[in-house]
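To start, the structure under review is shown below, and the notes come after it.
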Ligand code: PMP
């Protein structure tokens, strides 16, 4: 059997593994930070209508600049994020992963580096590798907040071309205050003009506000967003960014022509028409997230403060201890995530019933261990 390493693949890909959150068929799946609520029926109908219209023109390429969709996204951001943005400030792609890939293709690449403060979203490093960008792992405090002074030192030392700040952070749930982002932006620019990407994939679940207003007067600051979480549309694959219009112009240099299919654009437009209904689920999920935090603590677990739709819990001491607990929770029909952070696991807030199933499992485990 031919193995990957038998092929003439690029040296930096040899011996590496792909992104692989397990997609297992178990009763309760709380491992990939999805929204547990299916789209409401009137929205499903509206999607069908919009897609039917789009289908009539599928012999033609879609709108390459996705103008109607970007206008609707700009309106959503202006209405919710405390800052007026226009069509020219917004760009969209197939998931925020593709947004990040386009940014790294434009501002990273061979001979350049990107930094993230880890543990954080593993795809930042993986997409960096895929685009030939060197990856630097920046530090965090023991409580998973960003140590501003240590981060500034890392920026001065490595002078990266791209800086990732994920807020709320995945997998820890930690929010990053605006003053930290301002300080890191200034420190990064002082070291070398560089692109600072604020990944706000989970911001709708946050106790605090979006950092979108920070793009004002900061030409190298990008905020990336997604419809995969708050909008409950992970299957749609729609991510977007807001930044100075020059950044939007720059990513045109690397985006594939017609990258966003007409079906994707039609579906996303339908979902945006139902923003108010979809965001009501966000309120429920925030309440469930807070309940998970409280009940995990009551059951004797340590929990990291969370501003996202998931909760990091532990602490499991000893080599492989977290993975063993992951397996025991799975044996009880509940799939959570082992992100490889030593001593910790992550659970996504599901429906109240799903969360009850998870809480029953972890309470049972606690009894077993005493
Ligand atoms: N950023 C962060 C921090 C994430 O956790 C995720 C998904 N897990 C993404 C970006 C990518 O999301 P998508 O490609 O579905 O928009």
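The values are calculated or read from the model by the stated rules, or taken from the named source; none is laboratory data. Keep in mind that this is a model prediction, so the values were computed, not measured. A quick note on method: Cβ atoms are made from the backbone with ideal geometry, for glycine too, and the neighbour counts reach across all protein chains shown.
Observations
- Residue selected from region 2-41 under the condition under 27 Å from the mean Cα position of the chain (by Cα) and assigned to a helix (DSSP H, G or I), by the criterion farthest from residue 270 (Cα to Cα): 12
- Of the residues making up region 1-31, those that are closer than 22 Å to residue 122 by Cα and surrounded by 15 or more Cβ atoms within 10 Å (Cβ to Cβ) number 3.
- Residue-level analysis places residue 262 outside the set of residues that are closer than 23 Å to residue 228 by Cα, in the same structural domain as residue 232 (by TED's automatic domain parsing) and touching a strand residue (DSSP E or B) at 6+ places or on another chain (Cβ under 9 Å).
This table checks each residue for (1) closer than 21 Å to residue 147 by Cα; (2) in the same structural domain as residue 115 (by TED's automatic domain parsing); (3) surrounded by fewer than 22 Cβ atoms within 10 Å (Cβ to Cβ).
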| position | (1), (2), (3) |
| --- | --- |
| 188 | yes, yes, no |
| 197 | yes, yes, no |
| 213 | no, yes, yes |
| 216 | no, yes, yes |
| 222 | no, yes, no |
| 225 | no, yes, no |
| 235 | no, yes, yes |
| 246 | no, yes, yes |
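- Residues that are in contact (Cβ under 8 Å) with a residue 60 or more places away in the chain and over 24 Å from residue 251 (Cβ atoms) within region 131-168 comprise 143, 144, 168, listed in sequence order.
- Identity of the residue in region 81-93, surrounded by 20 or more Cβ atoms within 10 Å (Cβ to Cβ) and away from the ligand (no atom under 11 Å from the Cβ), that ends up nearest to residue 211 (Cα to Cα): 81
- One residue stands out in region 111-125 among those that are more than 11 Å from the ligand (Cβ to nearest atom) and part of a loop (DSSP other than H, G, I, E, B): the one that is farthest from the chain's Cα centre (by Cα), namely 111.
- Enumeration of residues in region 330-354 that are buried (at least 16 other Cβ atoms within 10 Å of the Cβ) and either over 21 Å from the mean Cα position of the chain (by Cα) or without any contact (Cβ under 8 Å) to a residue 24 or more places away in the chain (or both): 330, 332, 334, 338, 354
- Residue 139 being away from the ligand (no atom under 15 Å from the Cβ) and at pLDDT below 95: yes
- Scan of region 126-142 for residues that are under 20 Å from the mean Cα position of the chain (by Cα) and over 11 Å from residue 113 (Cα atoms), ordered by number: 126, 127, 130, 138, 139, 140
- Exclusive hit being at pLDDT 95 or above, away from the ligand (no atom under 15 Å from the Cβ) and under 18 Å from residue 203 (Cα atoms), set 78, 96: 78
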